[in-house]
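In what follows, a structure is listed as structure tokens, so that the remarks can point back to it.
Each reported figure results from applying straightforward, stated rules to the coordinates on display, with no laboratory input. What you are looking at is a predicted structure, and each value in this text was computed from that prediction instead of being measured. Backbone-built Cβ (ideal geometry, glycine too); neighbour counts: all protein chains shown.
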Amino acid sequence: MNLELEQRVTERTEQLQVINKELEAFSYSVSHDLRAPLRRIIGFNTLLKEYFEKGDGEKVRLFISKIDHIGVEMNQLINDLLTFSQLVRKELVMDSIYLEKLVNDIIIELKPEVKYRTIVWKVKKIVDVYGDISLIRLVMINLISNALKFTKHKSKAIIEIGSELSDNEVIVYVKDNGVGFDMTYHDKLFEAFSRLHQKEDFEGSGVGLANVQRIISRHEGTVWAKGEVDKGATFYFSLPMREL
């Protein structure tokens, strides 16, 4: 009984450490990431007034466009923060998932956003999985969107999505030929509000992969990634094998 109690205390302590780390990151994001766009809006608004009084229509239109763009970014960050905070509270609705169809549906949804790019999609055989379809869909959207984002400078982006069977689990992967990353900083990939690339180069709030990890963890699975600078990256997640 003492051993069991000690184990529970250890597990609870680890959970609280993770929660505290996320709260620290959340506080930083609210104080920094939300204030930064507000400062930019105030700055552009000041310039807008100045050039409006001068009658410089071209500059006025430019500053209005900048303010609109910042507003969209800020709205996305707020939505990401809300999603991040709600994931722990959402009750899982478990069912069998035809993952290959789900992936193909997501690709079709995302195609209008990249219609002027050359993208080679390689959807391998993907086995069915068991989980909460709304959350697993969010995982796949995040991973596929990331692959699109970090291949945007490639003349031809190659994105491969597939699955493997290993012992008693299904491993799903999303591979791209984009900018990749330095494996030295691998541990930071799944930290909330953490970025390995400059925001000026690649947009994003740094919440997507943290959401992926949180969702897969709730499904009793794991997430990891492999990459090399300028040679692409592969993101993996595992889910326990269950009778469908």
- Task: Check cross-link reach from LYS231 to the lysines: straight Cα distance under 17 Å, and skip same-chain residues fewer than eight apart.
- Result: LYS149, LYS152, LYS154, LYS156, LYS175
- Query: Full extension from ASP95 to VAL72: what is 0.36 nm times the residue separation minus their Cα-Cα distance, to one decimal in nm?
  - Reply: 4.8 nm
- Extended-chain gain in nm, criterion 0.36 nm per residue less alpha-carbon gap, TRP224 and GLU164: 20.2 nm
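Go ahead and run the numbers for FRET between LYS125 and HIS186, Cβ-Cβ distance against an R0 of 25 Å, rounding to 0.05.
0.35
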- Message: Please compute the length gained on full extension between ARG39 and ILE108, using 0.36 nm multiplied by the number of residues separating them and subtracting their Cα-Cα distance.
- Response: 21.1 nm
- Can you pick out the pairs among LYS66/LYS115; LYS188/LYS226; LYS59/LYS111 whose Cα atoms lie more than 22 Å from each other? LYS66/LYS115; LYS59/LYS111
